[in-house]
Amino acid sequence: MGEEQARPPVASSAIETANNSGTTAHNLPVTTAPVAAHDHKKKLTLIPLIFLIYFEVAGGPFGEEPAVRAAGPLFAILGFLIFPFIWSVPEALITAELSTAFPGNGGFVIWAAKAFGPFWGSLMGSLKYLSGVINVAAFPILCINYLEKLFPIFAGGLARTLALLISTLALSFLNYTGLSVVGYTSVCLGIVSLCPFILMSLIAIPKFHIRRCLSTGDKGVKKDWNLFFNTLFWNLNFWDNVSTLAGEVDKPQKTFPKALFASVILTCLAYLIPLIAVTGALSLTQDQWEDGFFAVAADMISGKWLKVWIEIGAVLSAIGLFEAQLSSCVYELVGMADFGYLPHFFAFRSKWFDTAWVGILLSTALTLAVLYLSFEDVVASANFLYSLGMLLEFASFLWLRRTLPELKRPFRVPMKLPALVVMCLIPSGFLVFIMAIATKVVYLVSGVMTAAGIGWYFLMKLCKQKEWMRFSNGEVEFG
């Protein structure tokens, strides 16, 4: 792979405004922040960005089935109806405000660094990056879980191992071809993967009975709230991941708010409509709602042809999810390299496709390392690390509002600080709950990775002091 060194960063107008106001959230200079976009030939525009965010978060109703198995149809429907208001909307609003105020690659790393200093920026980057690469591993697993219903050979053994390996490497190469390609690919994948669900929901109308949707579950079956809330959280989080791509977006101050709000609506409808249609059309037991059950439901409602289409759609959705999540991980590393948290070579770009190939290689390698964990352990570990990062993100948002009230914010959440505190406390309580119900395995994996993130900061600090590697002269200096 050919590469070139990263282009010189340019300070954003938002940070220049903060500097001119004479008020900073942290006692470090702000005029040299490398947060503005590189001058790329191709930028992400509104429609590709909407679908890229959609695939950062959802990619369709695939993966929501365990919520019904855990708590029954009524609680699953209520969960996907209510949870977006207490989680998705606040996270999207915060992302819109801070992404337009600091429109550069790095996203939440920039926010935490501006609020609390370099250590917390680095820790934020580590937590979100590790949760991201773990989460990326879930999508090849989900893809093969659907494929095995068509081709039982993928249920286990060497065939499954090779399928996971080959699909991960192939999808990583697609990411290497460029973010513009990934964006327009997401549009196509989103449309094709949603069509069979729209059709299934329409066909289900004559068979629909509302009393089935109101069922609280099978008698004698204990509710699995751990699985229920982890499923909700996993299916409706990662809204802020797109902030790491801000430097690749055309007119981010205008484009980001529009794209985030459109994708919230698209995501909620994509979850609720098929869930209501299937639970209302079929008399089912909870244990039937295993991963990939929507394909079986399509067979019951319309026939095998629709089942095959949904299984193909699941594969296409997993591709879109993989590409969107991997992109956010890669460009987070670019932002961290611009800031001096990582060696300069992490910002190198391919001469052929202008993509950050070092980040793609590292992220793919880490994804392969956790690829063979169970789907449940992958989801729970990603949720735990992400929860720690989100608590820090909420704190950063509130602190920046308090200490930089005059910072230019092209989009501003229309609330006063006390109301914003309440808006952040509600999802923060849920984050604490998600961490409290984690298993011992998740505590172990997450604890080791958090410790590794802390150690990484001090290792990079030492490398910078000893000049063992070249670092960019970013806004936030080590030490």
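The values are calculated or read from the model by the stated rules, or taken from the named source; none is laboratory data. None of the values given here were measured: they were computed from a predicted structure. Quick reminder, even Gly has a Cβ in these numbers, built from the backbone with ideal geometry, and neighbours come from all protein chains shown. The protein model used for the area step is the full one, side chains on, heavy atoms only, and it has no ligands, DNA or RNA in it. Shrake-Rupley method; radii C 1.70, N 1.55, O 1.52, S 1.80 Å.
Descriptive notes on the structure:
- Amide H contacts under 5 Å for Val249, placed H, 5+ residues apart: Leu44
- In this structure, Leu425 and Phe119 have a Cβ-Cβ separation that, at R0 = 22 Å, corresponds to a calculated FRET efficiency of about 0.35.
- The range 123-183-the range 267-322 distance, computed between alpha-carbon centres (Å): 20 Å
- Scalar couplings 3J(HN,Hα) for the range 190-205, obtained by applying the Karplus form with A = 6.51, B = -1.76, C = 1.60 to θ = phi - 60°, are x, 5, 5, 6, 7, 3, x, 6, 4, 5, 4, 5, 5, 5, 6, 4 Hz; x denotes Gly and Pro.
- Relative contact order for the chain: 33 percent, from Cα pairs under 8 Å spaced at least 6 residues apart, divided by residue count.
- Annotation: amide H-H contacts under 5 Å for Gly292 (H modelled 1.01 Å from N, sequence separation of 5 or more, or interchain): Gly63, Glu65.
- Out-of-range pairs (alpha-carbon distance over 23 Å; input Lys207/Lys304; Lys114/Lys416; Lys128/Lys461; Lys440/Lys461): Lys440/Lys461
- Sites listed here are trypsin sites (Lys or Arg not before Pro) in the range 38-114 whose DSSP assignment is loop and whose Cβ has at most 16 other Cβ atoms within 10 Å: Lys41, Lys42.
- Placing unit charges on the Cβ atoms of the charged side chains and taking the dipole of the range 248-404 about its Cα centre, the candidate lying farthest along the positive direction among Trp305, Leu333, Leu321 is Leu333.
- Of Tyr443, Tyr184, Tyr331, the order by accessible heavy-atom surface (1.4 Å probe, DNA, RNA and ligands excluded), from most exposed downward, is Tyr184, Tyr443, Tyr331.
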